[in-house]
Amino acid sequence: MKSDQIETMKTALVVGANGVIGRNLINYLLTLSDWNVIGVSRRCGDDTGRLRYVPVNLLNEDETREKLGTLTEVTHIFYAAYQDRPTWAELVQPNLSMLVNVVNAVEAVAPNLQHISLMQGYKVYGAHLGPFKTPAKETDAYHMPPEFNVDQQLFLEQRQPGSTWTWSALRPSVVCGFALGNPMNLAMVIAIYASMSKELGLPLRFPGKPGAYHSLLEMTDAGLLARATVWAATDAGCANQAFNITNGDLFRWNELWPKIAAFFELETAPPLPMSLEVVMADKEPLWKSMVEKYGLENNGYKDVSSWRFGDFVFAWDYDFFADSSKARRFGFHDFVDTEKMFMDIFEDFRQRKVIP
Ligand SMILES: NC(=O)c1ccc[n+]([C@@H]2O[C@H](COP(=O)([O-])OP(=O)(O)OC[C@H]3O[C@@H](n4cnc5c(N)ncnc54)[C@H](OP(=O)(O)O)[C@@H]3O)[C@@H](O)[C@H]2O)c1
């Protein structure tokens, strides 16, 4: 490596390295020659040339300070860790604490810390509570707490003045990409549900609320989100700003569902509302038999099941989209065709032998 290249090298601390967002962000950063990457989560991964992992439980303040308090080289923190909890209120404490623990540990030792990127979502707009104002805009007023995304942003806003770093916040829609063992993975929900429907000789039925089949929504491809995240973290014009990040198109399940069925060589049948968490609870033996029959990677049923998240998304019988023109106005012009995105991800799952 040339000396001028070494001088311009940046070091990304990707927090939540095994998540659907963090994992795809790391993959993207490694395609860029001027980044070293440190991945942080409780689980590790394989260290390679410019990537190393630091396993840490971020809920433990002392452990976080001990493990991250030596990382003097960090220039950018990309925060995409997430602790799931059964209620919206219970999400606040652990998710705010993890961010605070990371910032406290790294800021104290990293003199060249330039940026902290925060991964958020439409919970900022109350999208999880019910029909919210669409298209949601970054300038929309906050809603009644508890809401951890907002608390995390307020923490950065209050901490930033007088520091060496700026922050940015990314607000994607549902994020689709490869990951295992994460609670929110819609592409995996659909792929496993469709594969099991096929194994049982069933047509592909939309399992959500009747109105959800017809509502207008959008997705965010994990690769596009990674590109937007790095853009916002490195473009000076994006300092201390939040951005909605979406594929750029809208769709309704009633149009997309038959195309998904066709990918899996399935017929569709009229929608039937059911809780995936309930009806898929007894399907572990079926999954195990499919892993054996089709020579799939030996992924445990838990690692490919985000049924509760599927129930959540398929219950949106209201429009679910945001205005992503601010990112475009600030210079991010990337887009992804959502139908192609789903098919590409399902094909990727096949290549990785996650599904038959
Ligand atoms: N997925 C979506 O569709 C979506 C959509 C919009 C917004 N978002 C937001 O984006 C953020 C990230 O979501 P995600 O879906 O990428 O989450 P995820 O797939 O569940 O990943 C969470 C990451 O955090 C790590 N983690 C969890 N607890 C930890 C702990 N105690 N210590 C260290 N690491 C820990 C996990 O790895 P280990 O298990 O190895 O620790 C994992 O790497 C969240 O704020 C979420 O609300 C997600």
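The values are calculated or read from the model by the stated rules, or taken from the named source; none is laboratory data. Note that the coordinates shown come from a computational prediction; the quantities given were computed from them, not determined experimentally. Cβ: placed from backbone, ideal geometry, glycine included. Neighbour counts: every protein chain shown.
Just one residue in the set Ala81, Ala89 is under 25 Å from Pro145 (Cα atoms) and out of contact with any Ser or Thr (no Cβ under 9 Å at 6 or more places or on another chain); that residue is Ala89. Restricting Gln153, Gln158 to those that are more than 15 Å from the ligand (Cβ to nearest atom) and either over 25 Å from Ala236 (Cβ atoms) or not in a loop (DSSP other than H, G, I, E, B) (or both) reduces the list to Gln158.
Does Leu180 satisfy being near the ligand (Cβ under 10 Å from one of its atoms), surrounded by fewer than 22 Cβ atoms within 10 Å (Cβ to Cβ) and within 24 Å of Asn27 (Cβ to Cβ)? Here the answer is yes, as Leu180 does meet what is asked. Among residues of region 162-187 that are acidic (Asp, Glu) and assigned to a strand (DSSP E or B), none has a Cβ under 8 angstrom from a residue that is modelled with pLDDT under 95 and within 7 Å of the ligand (Cβ to nearest atom) at a sequence gap of 6+ or on a separate chain. Residues in region 43-59 that are in contact (Cβ under 8 Å) with a residue 24 or more places away in the chain and not in a strand (DSSP E or B): Arg43, Gly45, Leu58, Leu59. Just one of the listed residues (Gly248, Gly237, Gly223) is loosely packed, with under 14 Cβ neighbours inside 10 Å, of a type outside the set (Ser, Thr, Tyr), in contact (Cβ under 8 Å) with a residue 60 or more places away in the chain and in contact with a helix residue (DSSP H, G or I) (Cβ under 9 Å, 6 or more places away or on another chain), and it is Gly237. Contact map, region 112-132: residues that are near the ligand (Cβ under 9 Å from one of its atoms) paired with residues that are of a type in the set (Val, Ile, Thr), Cβ distance under 6 Å, separation 6+ or inter-chain. Pairs shown: Met119/Ile21.
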